[in-house]
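Below is one structure, written out as structure tokens; the observations come after it.
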Amino acid sequence: MKEKILSMTTPTARKEHICAVCGKPIAKGEQYFNVVVRVDGKLTSRKTHYTCHYSEEKPLTPSKVDELAK
């Protein structure tokens, strides 16, 4: 499985989303991580709470995304 991170942003939710880590809602107005990844040629987006993102074993940071996107 070939994976490439294309972007990582921290938008403010305009509508409710579901966190990819904990499965709980990301509330409208809450800031969250949105990581866009290409896996085997297919684009996918992963939205997570700030706390869930940083609680992962190897959280992504903007500098890591820039390195991986090269």
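All of the numbers you see were taken from the coordinates with simple rules; none came from a lab. Because the structure is predicted, anything quoted here is derived from the model rather than measured. With ideal geometry, Cβ positions are generated from the backbone for all residues, glycine too; neighbour counts draw on all protein chains shown.
For segment 5-22, which positions are among the acidic types (Asp, Glu) and in contact with a helix residue (DSSP H, G or I) (Cβ under 6 Å, 6 or more places away or on another chain)?
Matches in segment 5-22: none.
Which fully enclosed strands (runs of 3 or more DSSP E) of segment 1-57 have 2 or more residues being out of contact with any Leu (no Cβ under 8 Å at 6 or more places or on another chain) and surrounded by 14 or more Cβ atoms within 10 Å (Cβ to Cβ)?
Of the strands (runs of 3 or more DSSP E) lying wholly inside segment 1-57, those with at least 2 residues that are out of contact with any Leu (no Cβ under 8 Å at 6 or more places or on another chain) and surrounded by 14 or more Cβ atoms within 10 Å (Cβ to Cβ) span 32-39, 42-49.
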